1. Can you pull out the residues in segment 143-165 that are exposed (fewer than 15 other Cβ atoms within 10 Å of the Cβ), modelled with pLDDT under 85 and closer than 18 Å to T71 by Cβ?
2. In segment 223-246, which residues are among the hydroxyl-bearing types (S, T, Y) and surrounded by fewer than 20 Cβ atoms within 10 Å (Cβ to Cβ)?
3. How many residues are free of Cβ contacts under 8 Å to residues at least 24 places away in the same chain and either acidic (D, E) or part of a loop (DSSP other than H, G, I, E, B) (or both) if we restrict to segment 312-330?
4. Mind listing whichever residues of segment 429-459 are surrounded by fewer than 20 Cβ atoms within 10 Å (Cβ to Cβ), among the charged types (D, E, K, R), over 13 Å from L482 (Cα atoms) and out of contact with any Asp or Glu (no Cβ under 7 Å at 6 or more places or on another chain)?
5. When S116 is evaluated against the numbered criteria (1) of a type outside the set (A, V, I, L, M, F, W, C); (2) surrounded by fewer than 21 Cβ atoms within 10 Å (Cβ to Cβ); (3) modelled with pLDDT of 95 or more, which criterion, by number, is the only one it fails?
6. Quick test for you: out of S341, S373, S297, S323, pick the one residue that is closer than 22 Å to K403 by Cβ, hydroxyl-bearing (S, T, Y) and within 21 Å of the chain's Cα centre (by Cα).
7. Scan segment 228-236 and give yes if some residue there is farther than 30 Å from K175 by Cβ, modelled with pLDDT of 80 or more and assigned to a loop (DSSP other than H, G, I, E, B), otherwise no.
8. Check off (1) crowded, with 19+ Cβ neighbours inside 10 Å; (2) modelled with pLDDT of 95 or more; (3) over 17 Å from G256 (Cβ atoms) for V328 and give me the number that stays unchecked.
Amino acid sequence: MDQTIKLWNIQTGKCLKTLQGHTDWIWSIAVSSDGKILASGGSDHTVKLWDTSTGECLKTLQGHEGIIWSTAFSCDSKRLVSSGSDGIIKVWDVNTGNCLHALQGHASHIWCVRFSTIDSKILFSGSSDKTIKIWDIHTGECLKTLQGHTNSIRSLTPSPNGKAIIASDDDQTIKLWDIHTGQCFRTFRGYGSGIWAIAILPKDASGGQILASDSEDQTVKLWDINTGSCIKTLKGHTNWVRSLAFSPDGKTLASGSSDETARIWDIQTGECLHILRGHTNWILSVAYSPNGKTLASGCTDKDIRVWDINTGECLQVLKGHNSVISSVVYSPDSNFLFSGSADFLIKAWNVHTGQCLKTFVGHAHGIWSIVISPDGKTIASGSEDTTIKIWNIETCQCLLTLKGHSRAVISVAYSPNGQLLASGSSDRTIRIWDIKTGQCLQILKGHTRWVYAVAFINYDSNVTTVKHPILASSGEDQTIRLWDIETGECLKILKSPPPYEGMKIAGVTGLTEAQRATLLALGAIDESFAIPAIPNPSTMNSKP
């Protein structure tokens, strides 16, 4: 997020150089085969070529009309290819910086480009349109289109012998393709994805409490907090779901997705009431106005949109940030909106006029999350710079900086009385802070990967005997955890069961060892089977 590239000595751990020049997030880097040139692509729509020995920027390649997701050098390092959100692959002459070809044919984002390991003119590309294409970069011709994936293709790896390509997609599926025939000859299926966001509905019609969680598996799940069971799964998004918010009346739920849409759902029926279209990239944050009339969405296209809940109409497009909008939140009176961005800034907006009223400056890196206090007087922000800042809304003054996390602060949440703040981090911990003193009261440990979201839940005797609010958290480890914030105890863990949980496959014939191991990983049971050990390369005999 700091828009730099760092070169490290992997033996000493020392940073050798810092390459500066990009003006936005950097998503891709590639190194030439001789190690002399580094290519980088990012959200500023440019590709830069760097001299790795001096750190000098040799060339800036312009022409893309969107984020650069992937870059790759040919085997001989004479050509560089770049791909991105504009759905175009560009072939560049490394020496001159000239664009030799613009390869068109994909219908959406191109997430990955890779050259053949044996032929510098053959290129592979994987896209959100669910296809892999094979190209001749000398002629610009598409030689083959491989179809069979059911979701965005994120990664491609050519085999060393140049005969096959390995592709992985958002459905946790890996496919092996024969390059010459275009046929898929093997499929490996996995399960599970991180939980990016959670939202709490304090009471439903029956008096219970409902928690909503979203995920990279394109679904939204509704959980009964009392029992820990999943009561409903909302399906409709066609890419990762990144953000959630319940309406003030508890009747609807909003979700924002990487499929560039926000959806409004009926909680009781699970029906999708509106699909909100207009953004041109991932929607990272959604928020209802307290009066329930509008919804705000923040996106990686750098825009904030304000929507009419009843009609689905876009009422305002707020422009002013220079990078990704990671978080949006309304003021208690619904008249003002606050936004946090990867451009290090928080902005305050008049919802009715679209005017930017204030800018809060102080973070040293991008902002992941913002939240407004229950009394509407302060805002808390969590940042890539590892700190949390508490701001006075009227004066834009930073009142307090909370330090303790060792990595980015991904999520922040105020307690119902506004006296405590919870923060979740990529350092895998949650911290509970006293807002008045700035003291860290608890460090909650249990998540095994990034903590994506935190939210307070009011005390309910059906959930726990604890006589104070509890905290819910979700993370990349695919779990939702409920915590006693005073003792630090984890009270409950919510997790979707694997798809084949409990299936007994002992004695089943016709399964290969790999197939049997895959079923076991997905929850099947076979007491007679042991997953085969991975051979140690140092003990393997080399073949002539």
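The values are calculated or read from the model by the stated rules, or taken from the named source; none is laboratory data. Note that the structure is a prediction, hence the values are computed from the model and not measured. No Cβ is skipped: glycine too gets one built from the backbone with ideal geometry, and neighbour counts run over all protein chains shown.
1. None - no residue of segment 143-165 is exposed (fewer than 15 other Cβ atoms within 10 Å of the Cβ), modelled with pLDDT under 85 and closer than 18 Å to T71 by Cβ, so the list stays empty.
2. T227, S229, T233, T238
3. If we filter segment 312-330 for residues that are free of Cβ contacts under 8 Å to residues at least 24 places away in the same chain, which is where we start, we get 313, 315, 319.
After this cut, where a residue has to be either acidic (D, E) or part of a loop (DSSP other than H, G, I, E, B) (or both) as well, the list is 313, 319.
The total comes to 2.
4. D434, K436
5. Among (1) of a type outside the set (A, V, I, L, M, F, W, C); (2) surrounded by fewer than 21 Cβ atoms within 10 Å (Cβ to Cβ); (3) modelled with pLDDT of 95 or more, S116 violates only (3).
6. S341 is the lone residue from the list that is closer than 22 Å to K403 by Cβ, hydroxyl-bearing (S, T, Y) and within 21 Å of the chain's Cα centre (by Cα).
7. Our first condition is that a residue be farther than 30 Å from K175 by Cβ; within segment 228-236, this holds for 228-229, 231-232.
So of that shortlist, the ones also modelled with pLDDT of 80 or more come out as 231-232.
Subsequent filtering for residues that are assigned to a loop (DSSP other than H, G, I, E, B) retains none.
Within segment 228-236 (the criterion being farther than 30 Å from K175 by Cβ, modelled with pLDDT of 80 or more and assigned to a loop (DSSP other than H, G, I, E, B)), the answer is no, since none of the residues qualifies.
8. So the condition that V328 fails would be (3).
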